[in-house]
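Taking it in order: structure first as structure tokens, then the write-up.
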Amino acid sequence: DIYAYTSGTNPSFPETYVHPEVLANIRIDLLLITDKNHTLKYGTGFDAAGQKMTPVPEAIMEELSNPASPLYNMTPGARVQGIIATPDGPMILGAHPILHADLTGPPAGMVIMGRYVDDAMIAGIGTTADNTVTLTPLGPGSPSRLSTMAAPVPLPASDNNRTNAGPVVVLVEPLNEDTVQGSTVLPDIRGNDAFDLTVRMPRDIYLQGRSTIISFLLIIVNFALITGIIVIYLIDNLVLSRITALQKDVDSLGKRGDLSGRLQLIGNDEVSFLAAAMNTTLEKLETARKNLEKSEISFRTLVETSPASIAQTDLSGTILYCNRQMATSHGYDDAEDIRGRFIFDFIAAYDRDRAMQDLATALREGHVRNIEYHALKRDGSEFWVEKSISTIITPEGGPESFMVISRDISMRKTWEHQLRESEERYRTVFENTGTATVIISESMIITLANSEFVRLSGYSRAEIEGKKKWTDFVVKEDLDRMINQHHQRRVDPVQTVKKYEFRFITRSGAIRHMFVSVDLVPGTRTSIAALIDITDRKRAETAILQSENKLNTIIDSSPIPQFVIDRNHHVIHWNKSLELLTGIHADTVIGTDRHWRAFYPDKRPCIADLVVDNALEMIPDNYAGKFTRSEFLPDVYEVTDFFPHIGGTGRWLHFTSTQIRDAKGTVTGAVETLLDITEQKQFEDEITRTNAQLTATLQELKETEEGLKENIAALEDAKRTIQKSEAKYRDIATNIPGIVFQFVVHDLDDYSIPFISDRIISLFTLGPDEIYSNPNALFNLIHADDNEYVRSTLMESARSLEPWNIEFRMKATGSEPSRWFNGRAIPHVLDMDNILMDGVLIDITERKLAEEALFESEHKFHAVFEQSSEFIGLMSTDGTLIKANRTALEFSGLSDESVVVGKPFWETPWWSHSKEMQEILKTAIAKAAAGEFIRFEATHPGNDGAIHYIDFSLKPVKDESGDVVLLIPEGHDITERRVLQEEVGTALKEKELLLKEIHYRVKNNIQVIASLLNMQSRTVDDLRIKEVLREAQNRVKSIALVHEKLYQSKSLDQIDYNDYLQKISRHLYDSYGVSQRTIVMSIHADNISLHIDKAVPCSLIINELLSNAFKHAFPDGRKGDIWIEMHKSGDSLVLQYRDNGIGLPEGISVERSESLGMRLLYGLTRQLHGTIEVRRLNGTHITIIFPYETHKEAGA
């Protein structure tokens, strides 16, 4: 009800529940109710004596209006208690948040109750407890009673929910033997000291307790005396005498040190049980001593038979002990020969400082592992060793000595050196083959690329190797064929084509024609490909074909599907690419408006239809959610949509359309361009699926990682406690580079493993305890193909007592490949039924990998060497041939390289046909042996009997010191290219003659037209018509001069424009009868050559400018100057015309002039895709800027 009242839904609460009788019953003198905004909703005081309501005291109202007051705390569960001083006396206040009936919030306000602390209340408290109560108010600055006491006693607050509650400090003190007094301070509502409260009470409990304690002590003393006498008697007779006898027996055994003796004390009491327990302990100690002796023998055998060199030194490095292997590895016959010597005497001088530092590190950190040094033999020779040093700790925790374990790694170092040499030789041949060569994995990734391929592709080596697929460099049209051959080569490498042509895409987007020779690396699924750039040959072939039919293939050869409709929506062009895409032949659609059938099942407008009608607002209705505005062209839309009827399974097309306008800007049609992006869409979908798979795989890897961490944690928690007496030998076993084990054969079908070193934990998921309990667990780690072999040889060794030494594979943890191990063991006879084998498993994976890498490197070198389409060989610096590849042998019809290997290179069949070529080769070999790269063109007889042209080179190969150690002869058959060059040269000469003849005949025909116009002008009397005919004649003459310059030019499609300007100006001087002294012309166009497409319109512009100047700029024989300048500016040409004549009239505009000459200027500038600017400043200034094309671009 009070919650509803403060929330405003129960306004009758005060009238219903707040009455004088209620306040009298609950004995309160004040009741306040505030809402959640701390606004007083209801408040009243109460006079209990008069049984009437009174106003709220001003002190209470001031406290309530203060935001810093504790009464503002509405935290659910919090209560505020304290005393506040009022004019009518101190009042105890209590405040509590108003909550629901189930004590849940939020608080709707606060209810505050108060009661005056008067004399009657204090007296009532004292009467109830039979105490004397005194309440003394504290004035401002006056100290409380507690503040004057040394050590009052803090008690916990009685109510932890009070916001102003703190520890209650109470001072309790006895006044005398009869009375005790307690004092405390009562705080006000803010927690400040307000009143001293003192309570005095009789010490009844103290007096009664003192009497009771005295009586109890008298009883205890009497009982203790009697009990003590009895207990002492019984202990002496029943316990002490037997313990004394037991002590004598123990002292006797201790003096003798005989663990086989036993205590002789019979009975059924605790002392007898103690004696029996001590006998059991003695028996276990005796057993442990025997086991320790056996263990020490086994470990000594293990150390002495270990393949590793083991030594123990003191802290200064002096050898205290070493095994036989250490003596043997350093060239000594007996270990005693090196005991007592300094361990650093056996390390090469230049490694000793580092070895001393490592010994100090081992002393500081406990160990150092797998450090490589140059060691010394007795005869002073050096060999490679790998050492691990561990500090042996005393039972007190201090360092005692060092354990040094070494193994000879000279063989591994030799393999590493051979591997580097093989790799270097392989890379040298690979890099110097002269052709672009790559290694391609089964997944089509390029794993290795030589510098020639890097140069050809335009990418860096880092961007290619391991990242690029070879299909990234293949044009789409060749892709399916090459992918099919890639897969077929792995199914049937013999029948698959090994040499073919394809088109190659460089980083810049340029397409190069390639001849590729590709085959599998023997014994692998990896391909090696050698590429030869035949672009020049292809271009030559294409040039011949283009010269015959390029006018017919401009539009239809476009790789982009396109169609064009006219203003009436009839198709006027349907190119070949669109035929291939849609399957609809151009003949069936051109001239009709049925182009929609290629894309839609029912008739509807295509985007070209909307564009030609200028109905762009209908594009959203027809292509909702599929269109975007072009980023480059205004009012042009791009659409991407799926067409299920195209291509059988449907195709994704990206298409756009733009209007075709005539010179007046009128829309005459529209062209629609389509781009097949199906593969791109499929690639995007594949990327999405791949990302999802990678995310799932990553989650699985994380879960696997957590599982591995748990397994590792479990292994680390495994028990490692061993007996102190075995610490030294177990430390040896731990540091031996392998897994130390003991294998006991009980009979041919029963065996156990009593010991295996902890090193197995770092290699496999098993710990020693698991193997002890289940010996088969160790055999389960052995590779399935080697398991039976290991078991049988191990049992045979136990049967024959011959040493066991084999190599086999063991499964690694997780997804890692299997690891190779060398297993060694020496059998010992324990008794008639048991054979003990002390052995070690040494990880030889690195050695195996080195052997495999060496083999693979040789394999790759051989594959690159043999599969190259070039003629490649290896030759010593004196000219002796060491090796020749298959291509070179097949060229001369040789089946075996033994015919030529070992001979001087100039005596082989490739060179023996010509004494002159032999002398050239000898000179070249001498220069190459001196470090010079040699290249020249040679002739060699082929197996077909014909002489071939060979592009031959000699590359010197240098070692690390820069000395030439090898020569690589290399040749490439360029006979076909030479023949093709000659054919192309002949064809080009014929074409040049033909083009010159064409330009000559065109020039003559145009000259005939000019002569006809001249003749016509003579028959006309009208001066205006004469002028028109003369202008036409000059325009025709300007074109004729272009063709005259072309057939006189060497390039046939470019003319020297400076020379042209000089000739056209002289012609116009003569045509208009103007003296060069009257109008002086200055021409500057040095180093400017124009293609015919630019030269003709540019020449007509010059003709119009000069004709207009001669006719109008200088009237009445006025003298003047004309300047013509043409220069390059970036990718543009700038044509500037300037005269100091009378200038153009103000009303004439180039864009809107009625003059034919001005319209020609404007139209020809647009034909050049240029801009024209006209200024009137002391004459006429005209600037025309248009794109400039180089000779290469113009011919493309």
Label model pair Thr318, Asn1058: point-to-point distance (7 angstrom along the Cα→beta-carbon line) in nm is 9.8 nm
Here the gain from full extension of Lys681 to Ala946, 0.36 nm per residue of separation minus their alpha-carbon distance, amounts to 90.0 nm
Taking a ≥ b ≥ c as the square roots of the Cα gyration tensor eigenvalues, with a/c under 1.5 meaning rounded and otherwise prolate when a/b beats b/c or oblate if not, segment 1-117 comes out oblate
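Say R0 is 30 Å: what FRET efficiency, to the nearest 0.05, do Ser762 and Val829 get from their beta-carbon distance? If you can, show how the numbers build up before the last one.
Numbers: r = 33 Å, r/R0 = 1.10.
Between Ser762 and Val829 the formula returns 0.35.
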Rounded to the nearest 0.05, FRET efficiency between Ser912 and Thr542 (Cβ-Cβ, R0 41 Å) equals 0.55
In nm, the gap between the two label points placed 7 Å beyond Cα toward Cβ at Arg481 and Asn805 is 6.1 nm
FRET efficiency for Asp1086 and Arg1118 from the Cβ-Cβ distance with R0 = 30 Å, rounded to 0.05, comes out at 0.50
In whole Hz, the Karplus estimates of ³J(HN,Hα) for segment 840-853 (6.51, -1.76, 1.60; θ = phi - 60°; x where Gly or Pro) are 8, 10, 9, 6, 10, 4, 4, 5, 5, 5, 5, 4, 5, 5
For Lys52, the aspartates and glutamates lying under 19 Å Cα to Cα, once residues fewer than eight places off in the same chain are dropped, come out as Glu15, Glu21, Asp29, Asp88, Asp118
Residues Met110, Met1126, Met53 in order from fewest to most other beta-carbon atoms within 10 Å are Met53, Met1126, Met110
Listed with the fewest Cβ neighbours within 10 Å leading, Leu64, Leu580, Leu921 appear as Leu580, Leu64, Leu921
Shape call for segment 415-548, from the Cα gyration tensor axes a ≥ b ≥ c (a/c under 1.5 means rounded, otherwise prolate when a/b beats b/c, else oblate), comes out prolate
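Of the DSSP beta bridges with both residues in segment 1078-1167, give the percent that are antiparallel, rounding to the nearest 5.
55 percent
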In nm, the gap between the two label points placed 7 Å beyond Cα toward Cβ at Val250 and Thr975 is 10.9 nm
Violations at 31 Å Cα threshold for listed pairs Lys413/Lys811; Lys499/Lys915; Lys538/Lys576; Lys468/Lys626; Lys467/Lys1128; Lys413/Lys958 -> Lys499/Lys915; Lys468/Lys626; Lys467/Lys1128
Sorted on mean Cβ neighbours within 10 Å (highest first), peptides 615-622, 112-119 come out as 112-119, 615-622
Final fewest-first order of Trp470, Trp652 on the 10 Å Cβ neighbour count is Trp652, Trp470
The long-range amide H neighbours of Val170, using H built 1.01 Å from N in the peptide plane and a cut-off of under 5 Å, are Val153, Leu155
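Quick note: the coordinates plus some simple rules give every number you see, no bench work behind them. Computed from a prediction, not measured in an experiment: that's the story for all the values here. Note: ideal-geometry Cβ built from the backbone for every residue, glycine included; neighbour counts use all protein chains shown.
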